[in-house]
Amino acid sequence: MLSSLAHRALERAGLGEVRDRVLEGKRITEEEALRLFRCPDLAALGALANHVREARHGDRTFYNRNVHLNFTNVCVASCKFCSFARPDDRQASEGYTMPLEESVQSVLRRKGSGITEVHIVNGLHPDLPWSHYVDVVRKLRQGWPELAIKAYTAVEIHFFAEKFGKSYEQVLRELLDAGLTTLPGGGAEIFASRVRRKICDDKATAEQWLEVHRVAHRLGIKSNTTMLYGTIETLEERVDHMARLRALQDETGGFQVFIPLAFHPEHNMIGKAFPKPTGFDGLRTYAVARLFLDNFDHLKAYWVMIGERLAQTALSFGVDDLDGTVLEERIYHMAGAQTPQGLTEAGLHRLIRSAGRVPVERDSLYHVLRLHGPEGAAGAPRAATA
Ligand code: V47
């Protein structure tokens, strides 16, 4: 229920009509999303987003137990915001490429730990053969049949298609045959060509990124989406980004979750020009996303990037998912993230419960694995529900 106070605050902010459309379950326009972005009353905006979040998920807050694998940071692209990529494998430049067996074993050694997903993202390596990418997936699938493999961003899939002379469909089918489960949402950045030209002009275009996901959905592969905010983009360009995702979701229904990613300024080419986005900006971005993306089930706050405290607060601004335990993450830690390397499940539960929510362990496809009751309630998780 939206409180009468929030009702009035939205009216005062000139958002009475938008409020009513949201409460009637109707879709808001791009122009209205922009007005929401500009609403100075963050609490009122958050209350509206929270209303939508609770109507969908109640107090449930999803997380999973996952590990990251970034087996090379060598990359031929030169994204200005990236702190992870290196031009070559030389130690002096901190470039690395893990041998195939080492990559696979770094994940397989975690068998029995309760992890249900590996998230694989890499640089665009100039020399690794196609078999390497397929074999990583195949060996993980053979060594750990139940593990969900969320692998290779649309930017990587596009790179493989160009480099190895295959169509997106061929690349995806071969990965699927090897054992792929879903695609991660990375590489979307901001779709507007003005922004892409300036911050990431030598990798997949917006249209190519969207086409990879379109083909994946056609093949039955679910995928995630992201938006990198806090560099040179305008609010109009953020809304345009979300509008393109909403349109593709109308077409395919294959996206699972939207994940805004706050720019991290350390150790990259543009960090000096753009400080870290503020907490206010982060929270309003979650809230607008929850209200605008009416055809997305889930909205994720990636705690690794924005910190546990803001991620926890975001649970009242539309967010229903905190990603996971995230062991061995490199991309954000190389960009200056101060968050720990991995959270325990108990740590995630504490964050969720102390925000008045109920922790729900999910798998990669958002099936409920365990619904955890209130703290101290019998210790054992309640039976899972769909
Ligand atoms: O594509 C890179 C972004 C992405 C920086 O699918 C940066 O569940 C901010 O996509 N500051 C990779 N952002 C991470 C990613 C992701 C994360 C969590 C969950 C999922 C999912 C996907 O990180 C890149 C780029 O957009 N990025 N460098 C930086 N300095």
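The values are calculated or read from the model by the stated rules, or taken from the named source; none is laboratory data. Predicted, not measured: the structure shown is a model, and the values here were computed from it. Note: ideal-geometry Cβ built from the backbone for every residue, glycine included; neighbour counts use all protein chains shown. We work out accessible area using only protein heavy atoms, side chains counted, and drop any ligands, DNA or RNA first. Shrake-Rupley method; radii C 1.70, N 1.55, O 1.52, S 1.80 Å.
With (1) open to solvent by 10 Å² or more (accessible area, probe 1.4 Å); (2) within 13 Å of the ligand (Cβ to nearest atom); (3) not in a loop (DSSP other than H, G, I, E, B) as the list, and Lys276 as the residue in question, which single condition is left unmet?
With (1) open to solvent by 10 Å² or more (accessible area, probe 1.4 Å); (2) within 13 Å of the ligand (Cβ to nearest atom); (3) not in a loop (DSSP other than H, G, I, E, B) applied to Lys276, the lone miss is (3).
Run Ser193 past the list (1) surrounded by 23 or more Cβ atoms within 10 Å (Cβ to Cβ); (2) more than 16 Å from the ligand (Cβ to nearest atom); (3) of a type in the set (Ser, Thr, Tyr) and report the number of the one that doesn't hold.
If we test Ser193 against (1) surrounded by 23 or more Cβ atoms within 10 Å (Cβ to Cβ); (2) more than 16 Å from the ligand (Cβ to nearest atom); (3) of a type in the set (Ser, Thr, Tyr), just (1) comes out false.
Regarding His119, is this residue open to solvent by 10 Å² or more (accessible area, probe 1.4 Å), in contact with a His (Cβ under 9 Å, 6 or more places away or on another chain) and not in a loop (DSSP other than H, G, I, E, B)? Break it down stepwise before answering.
Values: open to solvent by 10 Å² or more (accessible area, probe 1.4 Å): yes; in contact with a His (Cβ under 9 Å, 6 or more places away or on another chain): yes; not in a loop (DSSP other than H, G, I, E, B): yes.
The answer is yes for His119.
Tell me the residue from Leu315, Leu348, Leu322 that is touching a residue at least 60 places away in the same chain (Cβ under 8 Å), in contact with a Lys or Arg (Cβ under 6 Å, 6 or more places away or on another chain) and buried (at least 22 other Cβ atoms within 10 Å of the Cβ), please. Give the steps one after another, and end with the answer.
Numbers: Leu348 fails: in contact with a Lys or Arg (Cβ under 6 Å, 6 or more places away or on another chain); Leu322 fails: in contact with a Lys or Arg (Cβ under 6 Å, 6 or more places away or on another chain).
Selected residue: Leu315, the only one of Leu315, Leu348, Leu322 that is touching a residue at least 60 places away in the same chain (Cβ under 8 Å), in contact with a Lys or Arg (Cβ under 6 Å, 6 or more places away or on another chain) and buried (at least 22 other Cβ atoms within 10 Å of the Cβ).
For every residue, the table says whether it meets (1) open to solvent by less than 20 Å² (accessible area, probe 1.4 Å); (2) away from the ligand (no atom under 12 Å from the Cβ).
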{"site": "Thr225", "(1), (2)": "yes, no"}
{"site": "Ala247", "(1), (2)": "no, yes"}
{"site": "Pro260", "(1), (2)": "yes, no"}
{"site": "Glu266", "(1), (2)": "no, no"}
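Among (1) more than 18 Å from the chain's Cα centre (by Cα); (2) in a loop (DSSP other than H, G, I, E, B); (3) within 19 Å of Leu180 (Cα to Cα), which single condition is Ser131 missing?
The single condition Ser131 does not satisfy is (2).
Can you tell which of Arg214, Arg309, Arg238, Arg290 is open to solvent by 20 Å² or more (accessible area, probe 1.4 Å), away from the ligand (no atom under 13 Å from the Cβ) and touching a residue at least 24 places away in the same chain (Cβ under 8 Å)?
Step by step, each of Arg214, Arg309, Arg238, Arg290 is checked, and only Arg214 is open to solvent by 20 Å² or more (accessible area, probe 1.4 Å), away from the ligand (no atom under 13 Å from the Cβ) and touching a residue at least 24 places away in the same chain (Cβ under 8 Å).
Which one of the conditions (1) of a type outside the set (S, T, N, Q); (2) more than 12 Å from the ligand (Cβ to nearest atom); (3) over 19 Å from the mean Cα position of the chain (by Cα) does Ile199 fail to meet, given that it meets all the rest?
Exception for Ile199: condition (2).
Hand me the list of helices (runs of 4 or more DSSP H) wholly inside segment 1-57 holding 2 or more residues that are closer than 14 Å to Tyr286 by Cβ and not assigned by TED's automatic domain parsing to the domain that holds Thr313.
Output list reads 30-37, 42-57.
May I ask you to list pairs of residues, at least six apart or on different chains, whose Cβ atoms are under 7 Å apart, with the first in segment 221-234 being assigned by TED's automatic domain parsing to the domain that holds Lys272 and the second being within 8 Å of the ligand (Cβ to nearest atom) and among the acidic types (Asp, Glu)?
Leu228/Glu189
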